[in-house]
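Here the structure is laid out as structure tokens; the discussion comes afterwards.
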Amino acid sequence: FVRFWSIEERAPQAIASLSNGLCCGFSPEGSVLAAGTRDGSVHFWECPRSIASLQHMCRMALRRVLTTQQVEALAIPTPLQDYLAYRVI
């Protein structure tokens, strides 16, 4: 099975059937999941709208371990700092 989880609710938002799964990956905007199986097949699912984009999930993961001051001290471009500091939504 493939389960689409909501981090905030800590529960699956959708479940899709998949046997012999081998690997998976999200589209760049996070709206489509592709999964490969051991027999060479590839399956695609449109993600439920309640799932945050991969970009947003990465920002959330970083902000769990970095304060705003630590983000501002990073040697990264200003637009990325603004995004990580939630000044750009």
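The values are calculated or read from the model by the stated rules, or taken from the named source; none is laboratory data. Treat the numbers as computed from the prediction; the structure is a model and nothing was measured. No Cβ is skipped: glycine too gets one built from the backbone with ideal geometry, and neighbour counts run over all protein chains shown. Surface accessibility is based on the protein's heavy atoms, side chains included, excluding ligands, DNA and RNA. Shrake-Rupley method; radii C 1.70, N 1.55, O 1.52, S 1.80 Å.
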task = Kindly indicate the residue of region 52-85 that is part of a loop (DSSP other than H, G, I, E, B) and modelled with pLDDT under 85 and also nearest to residue 28 (Cα to Cα) among those meeting that condition.
result = 53
ask   = Hey, among the residues in region 21-51 that are assigned to a loop (DSSP other than H, G, I, E, B) and among the hydroxyl-bearing types (Ser, Thr, Tyr), which one's nearest to residue 4 (Cα to Cα)?
value = 50
ask   = Out of (1) open to solvent by 90 Å² or more (accessible area, probe 1.4 Å); (2) among the aliphatic types (A, V, I, L, M); (3) in contact with a strand residue (DSSP E or B) (Cβ under 6 Å, 6 or more places away or on another chain), the odd one out for residue 54 is which?
value = (1)
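For region 23-40, which positions are surrounded by 13 or more Cβ atoms within 10 Å (Cβ to Cβ) and at pLDDT 75 or above?
As a first pass, look at region 23-40 and keep what is surrounded by 13 or more Cβ atoms within 10 Å (Cβ to Cβ): 24, 26-27, 30-37.
Scanning region 23-40 gives 24, 26, 27, 31, 32, 33, 34, 35, 36, 37.
Within region 76-89, is there a residue that is touching a strand residue (DSSP E or B) at 6+ places or on another chain (Cβ under 9 Å), surrounded by 15 or more Cβ atoms within 10 Å (Cβ to Cβ) and touching a residue at least 24 places away in the same chain (Cβ under 8 Å)? Let's see the steps before the verdict.
Restricting attention to region 76-89, the residues satisfying the condition of being touching a strand residue (DSSP E or B) at 6+ places or on another chain (Cβ under 9 Å) are none.
Looking through region 76-89, none of the residues is touching a strand residue (DSSP E or B) at 6+ places or on another chain (Cβ under 9 Å), surrounded by 15 or more Cβ atoms within 10 Å (Cβ to Cβ) and touching a residue at least 24 places away in the same chain (Cβ under 8 Å).
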inquiry  = Residue pairs, Cβ under 9 Å, 6 or more apart or interchain, first in region 28-46 and more than 17 Å from residue 15 (Cα to Cα), second open to solvent by 70 Å² or more (accessible area, probe 1.4 Å) and part of a strand (DSSP E or B). List them.
reply    = 38/22
